[in-house]
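Peer 1: Submitted below is the structure of interest, expressed as structure tokens.
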């Protein structure tokens, strides 16, 4: 059962292009390690496609990366110098093998494998046009339609680069794409608004491209730079053979999604010039300045609230302690056959450390409140463990607008901030006080980001 309180977005992408001086069997293994580092971005499916002798061999399934690729799987994995991988979060479509990426599409003179992070807002119109051209689809995924559209334009343009540019210029919404061709080329491109992150790294073996810099570092690639909004990069045999801002800027109001810093990205990543760790630490600092309260301890909600809690503690002078023990071994095997058991999910995953919170006034720091159900249970669990008071502090302003670009909240009526005022939310979740970071405070935290920021979920505006 999916956690419907936290925000989620669609997927992680990773690709690698190696030079011929290396063991060509490494491409798939490197991609696997990259996907493991990006697992936090999608847990519903995973896949790797490898280019081998002008063929593309793809293995994918529903499940976590390590479930889809147990050790024995690599004995059957074909060698290759180019590979592309995908870890999926199913904000659209079922959690099935068919909907996992990458998607392999065959056309007249070759094949491509496409991995996508984001959401295309005109996907229905594109799908209808392609169906009218005789193309059929086997899944329920934006990525399959994008891959088919690219293949269609490659056939017409008789050029992979021109076909990818032509196809991408007709996409509306958010997309970071990694595309492998059967001609041993790897394409990386980012939508002109730069809504989702994409970066590139290099080592002596070649180049890798990733949704986050942490995966590059884990795989032994030195971070070089972020892919620019609207840029298309082409790699072959471990070298960049083309790069340029080639995609048309559309009149859409998004920039980089600010939730990359609040929640989505790993703390050890740097996204568009700003350290995720630094941004979250400073969110806590700002929260302590804007919403100080007399208390005995500061606790962060694992995992995304921990860094901000540290910042709050240092700024306020209130000691930072561990408030919870997190069960990290539940995985996908944790099922909830009855409502009573489903209601116990928070206790199963986060159990309060009674010895630390008993009799204490607690400042509890978390990333966001969407519907309010999870934080209500967390606060209740702390009070049941003996906490005297619980003061909730939130690293994001009230979430009041739905997102059209890949975050899986599509009903404004489900957002608690649209139904209640802050003091009413405070009473609803059982907190003794509630403080959200201000929009100006959050903007100040993220001012080192190289791009404009999408904050439509808070204001219906872009910075």
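The values are calculated or read from the model by the stated rules, or taken from the named source; none is laboratory data. Because the structure is a prediction, the values reported are computed rather than measured. Positions of Cβ are backbone-derived with ideal geometry, glycine not excepted, and every protein chain shown enters the neighbour counts.
Peer 1: From (1) more than 28 Å from residue 265 (Cα to Cα); (2) surrounded by 21 or more Cβ atoms within 10 Å (Cβ to Cβ), pick out the condition that doesn't hold for residue 72.
Peer 2: Evaluating residue 72 over (1) more than 28 Å from residue 265 (Cα to Cα); (2) surrounded by 21 or more Cβ atoms within 10 Å (Cβ to Cβ) leaves (2) as the failure.
Peer 1: Would you be able to say whether some residue in segment 212-225 is within 30 Å of residue 436 (Cβ to Cβ) and either in contact with a helix residue (DSSP H, G or I) (Cβ under 8 Å, 6 or more places away or on another chain) or outside the structural domain of residue 149 (by TED's automatic domain parsing) (or both)?
Peer 2: Looking through segment 212-225, at least one residue is within 30 Å of residue 436 (Cβ to Cβ) and either in contact with a helix residue (DSSP H, G or I) (Cβ under 8 Å, 6 or more places away or on another chain) or outside the structural domain of residue 149 (by TED's automatic domain parsing) (or both).
Peer 1: Let me ask something else. Have a look at 293, 314, 321 and point out the one that is over 21 Å from residue 432 (Cα atoms), surrounded by fewer than 22 Cβ atoms within 10 Å (Cβ to Cβ) and at pLDDT 95 or above.
Peer 2: 314
Peer 1: Condition check: surrounded by fewer than 21 Cβ atoms within 10 Å (Cβ to Cβ) and in a loop (DSSP other than H, G, I, E, B). Does residue 138 satisfy that?
Peer 2: yes
Peer 1: Looking only at segment 191-229, filter to residues that are free of Cβ contacts under 8 Å to residues at least 24 places away in the same chain and outside any loop (DSSP other than H, G, I, E, B); which one of those is surrounded by the fewest Cβ atoms within 10 Å (Cβ to Cβ)?
Peer 2: 222
Peer 1: Would you check if there is a residue in segment 247-258 being under 26 Å from residue 105 (Cβ atoms) and modelled with pLDDT of 95 or more?
Peer 2: Taking every residue of segment 247-258 in turn, none turns out to be under 26 Å from residue 105 (Cβ atoms) and modelled with pLDDT of 95 or more.
Peer 1: Within segment 26-42, track down each residue that is closer than 12 Å to residue 86 by Cβ and buried (at least 24 other Cβ atoms within 10 Å of the Cβ).
Peer 2: If the condition is that a residue be closer than 12 Å to residue 86 by Cβ and buried (at least 24 other Cβ atoms within 10 Å of the Cβ), then 31, 34, 35, 38, 41, 42 are the ones that fit.
Peer 1: Then there's this: How about segment 360-384: which of its residues are farther than 20 Å from residue 303 by Cα and free of Cβ contacts under 8 Å to residues at least 40 places away in the same chain?
Peer 2: 384
Peer 1: Here are 410, 432: which of them is surrounded by fewer than 16 Cβ atoms within 10 Å (Cβ to Cβ) and either out of contact with any helix residue (DSSP H, G or I) (no Cβ under 6 Å at 6 or more places or on another chain) or modelled with pLDDT of 95 or more (or both)?
Peer 2: Matching residue, one of 410, 432: 410.
Peer 1: Next question. If you go through segment 328-370 one residue at a time, how many are part of a loop (DSSP other than H, G, I, E, B), at pLDDT below 85 and under 28 Å from the mean Cα position of the chain (by Cα)?
Peer 2: The total comes to 8.
Peer 1: Do we have any residue at all in segment 270-277 that's part of a loop (DSSP other than H, G, I, E, B), touching a strand residue (DSSP E or B) at 6+ places or on another chain (Cβ under 9 Å) and touching a residue at least 24 places away in the same chain (Cβ under 8 Å)?
Peer 2: Checked segment 270-277: at least one residue is part of a loop (DSSP other than H, G, I, E, B), touching a strand residue (DSSP E or B) at 6+ places or on another chain (Cβ under 9 Å) and touching a residue at least 24 places away in the same chain (Cβ under 8 Å).
Peer 1: Also: How many residues are in a loop (DSSP other than H, G, I, E, B) and either at pLDDT 95 or above or under 25 Å from residue 182 (Cα atoms) (or both) if we restrict to segment 29-71?
Peer 2: So the count comes out to 4.
Peer 1: Now for a separate question. Suppose we keep only residues that are surrounded by fewer than 20 Cβ atoms within 10 Å (Cβ to Cβ) and assigned to a loop (DSSP other than H, G, I, E, B) within segment 435-463. Which one would you say is modelled with the lowest pLDDT?
Peer 2: The selected residue is 463.
Peer 1: Which residue out of 370, 390 is more than 30 Å from residue 142 (Cβ to Cβ) and outside the structural domain of residue 116 (by TED's automatic domain parsing)?
Peer 2: 390
Peer 1: Another one. Looking at residue 401 and the list (1) buried (at least 20 other Cβ atoms within 10 Å of the Cβ); (2) within 20 Å of the chain's Cα centre (by Cα), which single condition is not satisfied?
Peer 2: (1)
Peer 1: Still on this model: Tally time: how many residues in segment 43-64 are out of contact with any strand residue (DSSP E or B) (no Cβ under 8 Å at 6 or more places or on another chain) and surrounded by 19 or more Cβ atoms within 10 Å (Cβ to Cβ)?
Peer 2: Qualifying residue count, segment 43-64: 1.
Peer 1: Give me a count of the residues in segment 6-25 that are modelled with pLDDT of 85 or more and either surrounded by 18 or more Cβ atoms within 10 Å (Cβ to Cβ) or touching a strand residue (DSSP E or B) at 6+ places or on another chain (Cβ under 8 Å) (or both).
Peer 2: 9
Peer 1: Let me ask something additional. Collect the residues in segment 154-183 that are surrounded by fewer than 18 Cβ atoms within 10 Å (Cβ to Cβ) and within 26 Å of residue 34 (Cβ to Cβ), keeping them in residue-number order.
Peer 2: 183
Peer 1: Next question. Would you say residue 243 is at pLDDT 95 or above and more than 24 Å from residue 159 (Cα to Cα)?
Peer 2: No; evaluated as a whole, the condition is false for this residue.
Peer 1: Related question: Being touching a strand residue (DSSP E or B) at 6+ places or on another chain (Cβ under 6 Å) and either assigned by TED's automatic domain parsing to the domain that holds residue 404 or under 17 Å from residue 174 (Cβ atoms) (or both) is the filter; apply it to segment 103-135 and report the residue that is surrounded by the most Cβ atoms within 10 Å (Cβ to Cβ).
Peer 2: 115
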